[in-house]
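Step one of this worksheet: look at the structure below.
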Amino acid sequence: GAYGLVVDTSGKALSGVRVASGGMETTSGVDGRFELALTETGATAFAFELAGHVQTWRTVDVIHGWASQIDVTLIAEQMAGSLDAATGGTITGSRGAAIIVPPGAPVDASGQPFTGATDVFLTPLDPSIPEELAAYPGNLFGETTGGELGVLTSIAVLDITMRSGTEELQIADGAAIAVTV
């Protein structure tokens, strides 16, 4: 199984965090702690979600009969503004983060064009700030063109989320947004 602690970037325990892996899920308690029974072993992906925070993932090698500890930091999303998805526009957030969304680029989960108001969250993460590095939404590994696993070198990371109510939007296939970090 797996157990751990979920905190925010100030170190405060976060309750109500959904922790999911391999069809199993649980929620962190008031002390930020969670425990999840697992049936699979090997490299196992875990998703951590809490409304108002950047979703994050961790991959851990789970060994049968052993409990894996996974401590996670979540960073609060930063609301940057709203735009009309049909007409697009420019949204500027903190630390110089900005995006330009062309008209009609946002689509819903089924890939259909979305029209209407879209809230845009631009959440920068600075690797030189330990609390923000801890909140990176992943393991910071990538695969080279030769197929080897290596550590990513990052100057900055920007989480971009577009949402209408609770529905997260995507960018249409073939469309592009301009991003400044």
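A few remarks follow.
- Accessible surface of the chain [probe 1.4 Å, protein heavy atoms]: carbon and sulfur percent: 54
- The fraction of Cα-Cα pairs per 10 angstrom bin, counted from 0 for the chain, comes to 9, 31, 33, 22, 4, 0 percent, rounded to whole percents.
- Gaussian network model of the chain, springs between alpha carbon atoms under 10 Å - residue of Ser15, Ser164, Ser110 with greatest fluctuation: Ser110
- DSSP-loop GluC sites (Glu not before Pro) across the range 111-181, with at most 13 other Cβ within 10 angstrom: Glu148
- Kirkwood hydrodynamic radius over Cα pairs of the range 49-147, then Stokes diffusion coefficient at 37 °C and 0.692 mPa s, in µm²/s: 200
- Along its three principal directions, the equivalent ellipsoid of the range 55-98 from the Cα gyration tensor extends over semi-axes of 39, 13, 8 Å, largest first.
- Most mobile listed residue (Gly52, Gly29, Gly42) in the chain, GNM with C-alpha springs under 10 Å: Gly42
- Structural descriptor for the chain: relative contact order 19 percent, calculated from alpha carbon pairs under 8 angstrom and at least 6 residues apart.
- Cα-based convex hull, the range 89-138, per residue volume (Å³, whole number): 104
- Cα coordinate range in the range 1-108, projected on the principal axes (Å, largest first): 54, 28, 20
- Surface accessible to a 1.4 Å probe, per residue, for the residues of the range 64-137, Å²: 47
The values are calculated or read from the model by the stated rules, or taken from the named source; none is laboratory data. If you're wondering where the values come from, they're calculated on a predicted model, not measured in any experiment. Note that each Cβ is placed from the backbone with ideal geometry, even for glycine, and that neighbours are counted across all protein chains shown. Side chains are part of the model used for accessible areas, which takes the heavy atoms of the whole protein and leaves out ligands, DNA and RNA. Shrake-Rupley method; radii C 1.70, N 1.55, O 1.52, S 1.80 Å.
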